[in-house]
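Below is one structure, written out as structure tokens; comments come after it.
The values are calculated or read from the model by the stated rules, or taken from the named source; none is laboratory data. Quick caveat, the model's predicted, so the values are computed rather than measured. Side chains are part of the model used for accessible areas, which takes the heavy atoms of the whole protein and leaves out ligands, DNA and RNA. Shrake-Rupley method; radii C 1.70, N 1.55, O 1.52, S 1.80 Å.
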Amino acid sequence: MENGTIYLVGAGPGDPDLLTLRAARLIERAELIVHDGLVDRAILATARPEARLVSVAKSRSKHTLPQDDINALLVREARRGVDVVRLKGGDPFVFGRGGEEAEAARAAGIRVEIVPGISAANGAAAAAQIALTHRDDASIVSFVAGQCKGLSEQDWAGLAGRGRTLVIYMGVKTAPQIAEKLMADGLAPDMPIAVIENACRPAMRVLRGPLAGLPDLIADEAVRSPALIIIGDVTAREDAALATLLEEARAS
Ligand code: SAH
């Protein structure tokens, strides 16, 4: 029997309208979808009723399925001739461990295709109308992972500051260490920041403040994952019209 193909598919930040056409088509005709926790239910609901849906949801504290087991599951199913849709939040190659899954597939001689998705940074920036590289304020944008592991060893020097935008994924829990790290690197305590929780979903919140206030903002507003932290002057361009727009979006 011929091997199936493994499709590493980006599901975007939440809203099903933000799927690529290719992702939407693959989901609609899939026999097997292996998805993680970030994939919105509204997207899974577009699968055929007879499709098999396997969740390999991972949370920071509990790993439902270790990465090796996920890799093995994908390869095993493909070897049985099944086309596997491996559906991941955002883009599969931005902090999604898609690289490891693609390697495992190639090592097993299985065809793997990558379908890009809108990463949380792009989705959140659009939804909050924060131009990540507004011409007046930034000509560099960096994406970093803020989770505990290795945070202190990561060299972020020069990634944030005037003229630069830093987007931090997975940084809710470590916000105090992140703020401290950036200020120790020389960032001004009043550098503007924004926190975008549940971007591109009905429960989206956009919070703003100075860098020094980031830990309190997250604690006081009880911000929960998934949320992104954006650091830089581009987050402070809010004008009256934008404030009204975001308020209306919240109310609807
Ligand atoms: N591959 C994904 C990122 C996976 S890492 C992508 O490209 O977007 C998971 C982190 O992504 C979360 O901790 C959060 O920081 C961010 N994230 C994902 N979806 C989000 C959303 N809808 N709103 C805000 N942040 C989100």
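Helix 175-184: angle to the longest alpha-carbon principal axis of the chain, degrees 0 to 90, nearest 10?
50
On a 1.4 Å probe surface of the protein chains, which of Glu101, Glu31 comes out largest in accessible area, and what is the full order?
Values: Glu101 5, Glu31 95 Å².
The ranking, largest first, comes out as Glu31, Glu101.
Relative contact order (percent) for the range 121-239, with alpha-carbon contacts under 8 angstrom and 6 or more residues of separation?
After rounding, I find 32 percent.
With both partners inside the range 1-148, how many of the DSSP beta bridges are antiparallel, as a percent to the nearest 5?
10
Whole-Hz Karplus ³J(HN,Hα) for the range 48-54, in order, using 6.51 cos²θ - 1.76 cosθ + 1.60 and θ = phi - 60°, x for Gly and Pro?
Here the 3J(HN,Hα) series is 5, x, 8, 5, 8, 10, 10 Hz.
Gain in length, Glu2 to Ser55, computed as 0.36 nm per residue apart minus the alpha-carbon separation, to one decimal in nm?
Working: separation 53, 0.36 × 53 = 19.08 nm, distance 2.54 nm.
Going from the current span to full extension adds 16.5 nm.
Just from its helices, what would the mean residue ellipticity at 222 nm be for the chain, if runs of 4 or more DSSP H residues each count -39500 (n - 2.57) and the sum is divided by every residue, rounded to the nearest 500 deg cm²/dmol?
Calculated mean residue ellipticity at 222 nm is -8000 deg cm²/dmol.
For the range 147-152, take each phi angle, set θ = phi - 60°, evaluate the Karplus expression 6.51 cos²θ - 1.76 cosθ + 1.60, and give the result in whole Hz per residue in order, putting x for glycine and proline.
In residue order, the calculated couplings are 6, 3, 4, x, 4, 5 Hz.
Would you work out the relative contact order for the chain, in percent, from Cα pairs under 8 angstrom that are 6 or more residues apart?
20
Which whole-number percentage describes the relative contact order of the range 1-127, with Cα contacts under 8 Å and a sequence gap of 6 or more?
Taking the mean separation of contacting Cα pairs over the length of the range 1-127, I get 42 percent.
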